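Enquirer: Quick one: this structure, given as structure tokens, is what I'll be asking you about.
Nothing in this text is a laboratory measurement; each read-out follows from the coordinates by a stated rule. Since we're looking at a predicted model, the values are computed, not measured. Glycine gets a Cβ as well: all are built from the backbone with ideal geometry, and neighbour counts include every protein chain shown.
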Amino acid sequence: MFYNAKNNNIKIGQNDIEYISFGKGNKNLIIIPGLGDGLRTVKGMAIPLALMYKKFAKEYTVYIFSRRNNLTNGFTTQDMAQDIAQAMNLLNISNADILGVSQGGMIAQCMAINNPEKVNKLVLAVTSSKSNEMINNVVGNWIQLAKKEDFKDIFIDTAEKSYSEKYLKKYRKYYNILWRVSKPKDYKRFIIQANSCLTHNVYDDLDKIKCPTLIIGGKQDSIVGANSSKEIADRISNSELYLYEDYGHAVYEEAKDFNGKILNYLKR
């Protein structure tokens, strides 16, 4: 039931990581979520996430990893990638297909550059290889709001910059309910992860990624910008680029064919 979904925790040195697993396939797929992990980890989310990514459950055993608990100041996307590599070792996962979304895509890039033997195929969605003016402005503003513990404005600004106008027309009326029920307990974790987005820069090393790579972006992306996907594709020789015309940063939620497009690529 629910694709054998399980909530898990794994010890990494003196720290630990929340993760979920589901599916019964004989291949491994690792999904690395975005900056929202800084506000809420995957703990207790096994069933909702298994349903969200159910299309992969037949072909794969899927693992979705949060960042480690008790993040320390200065923790980078490189450090986060190394945690996942260690978790893979502990779980006897020698290699996997990897899907990274937004900040998760930044971490996935580090994985493919530093641990190429662990990555079969790579999917990078709505992400960037380095910070740019748009990311600096958007994420920098979120950091300032988090320091003031102003979650309402973080929530609204994230939604307005992520979703299409068609989607927002349906859900704006629920803002006052949604931001209250999803308010985090503290903001330190989010601020550390947000800062790691601003310092992320692997652009010059992207040509080290040799595995087959699918890059997905949204032409209306108001967080990382559509050009970020093109920059990545230009630097990875064995890559394909697909840009959704009418979607922005939340294309992974809005585009009905998003998971199917990825699965078809991975099965090729």
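Enquirer: What is the ratio of the Cα radius of gyration of the range 2-267 to 2.2 N^0.38 Å, where N is its residue count, to two decimals?
Expert: On the way: Rg = 17.2 Å, N = 266, 2.2 N^0.38 = 18.4 Å.
So the range 2-267 has a normalised radius of gyration of 0.94.
Enquirer: Give me the log10 of I(q) over I(0) for the range 13-109 at q = 0.11, 0.13, 0.24 Å⁻¹, as the Debye formula computes it from C-alpha points; what are the numbers?
Expert: Summing over Cα pairs of the range 13-109 leads to -0.29, -0.41, -1.45.
Enquirer: What is the fewest-to-most order of Arg67, Arg189, Arg180 by other Cβ atoms lying within 10 Å of their Cβ?
Expert: Arg180, Arg189, Arg67
Enquirer: What does DSSP give for the chain in terms of the percent of beta bridges that are antiparallel, rounded to the nearest 5? Could you put the intermediate results ahead of the total?
Expert: On the way: 13 of 37 bridges.
Rounded to the nearest five, the antiparallel share is 35 percent.
Enquirer: Output the pairs from Lys27/Lys118; Lys173/Lys256; Lys55/Lys261; Lys11/Lys183; Lys230/Lys261; Lys118/Lys230 with a Cα-Cα distance over 20 Å in this structure; if there are none, say none. Present the calculation step by step, with values, prior to reporting the outcome.
Expert: Numbers: Lys27/Lys118 13 Å; Lys173/Lys256 23 Å; Lys55/Lys261 11 Å; Lys11/Lys183 27 Å; Lys230/Lys261 18 Å; Lys118/Lys230 25 Å.
In this structure, Lys173/Lys256; Lys11/Lys183; Lys118/Lys230 lie more than 20 Å apart at Cα.
Enquirer: If the cut-off is a Cα-Cα distance under 20 Å, which aspartates and glutamates reach Lys169, setting aside same-chain residues fewer than 8 apart in sequence?
Expert: Asp153, Asp157, Glu160, Asp221, Glu245, Asp246, Glu253, Glu254
Enquirer: A follow-up question, please. Taking the Cα centre of the chain as origin, work out the dipole magnitude from +1 charges on Lys and Arg Cβ and -1 charges on Asp and Glu Cβ, in debye rounded to 20. Present the calculation step by step, with values, prior to reporting the outcome.
Expert: Values: 37 positive and 28 negative charges, 199 e Å.
About 960 debye.
Enquirer: In the range 180-261, which GluC sites (Glu not before Pro) fall in coil by DSSP and have 10 or fewer other Cβ atoms within 10 Å? Working shown, then result.
Expert: On the way: sites: Glu231, Glu240, Glu245, Glu253, Glu254; in loops: Glu245.
Loop-located and lightly packed - Glu245.
Enquirer: Same structure, new question: Can you pick out the pairs among Lys6/Lys170; Lys58/Lys210; Lys148/Lys188 whose Cα atoms lie more than 22 Å from each other? Working shown, then result.
Expert: Values: Lys6/Lys170 32 Å; Lys58/Lys210 27 Å; Lys148/Lys188 11 Å.
Violating the 22 Å limit, Cα to Cα: Lys6/Lys170; Lys58/Lys210.
Enquirer: Rounded to the nearest 0.05, what FRET efficiency is calculated for Asn114 and Asn92 with R0 set to 22 Å and r the Cβ-Cβ distance?
Expert: The computed FRET efficiency comes out at 0.65.
Enquirer: Additional query: Cut-off is 10 Å between beta-carbons; in what order do Cys110, Cys197, Cys211 appear when sorted fewest neighbours first?
Expert: Values: Cys110 22, Cys197 28, Cys211 18.
Ascending Cβ contact count within 10 Å gives the list Cys211, Cys110, Cys197.
Enquirer: Take Met88, Met134 and order them by how many other Cβ atoms sit within 10 Å, fewest up front.
Expert: Numbers: Met88 21, Met134 18.
Ascending number of Cβ neighbours within 10 Å: Met134, Met88.
Enquirer: If each of Asn264 and Lys147 carries a label point 7 Å out from its Cα toward its Cβ, how far apart are those two points in nm?
Expert: 4.6 nm
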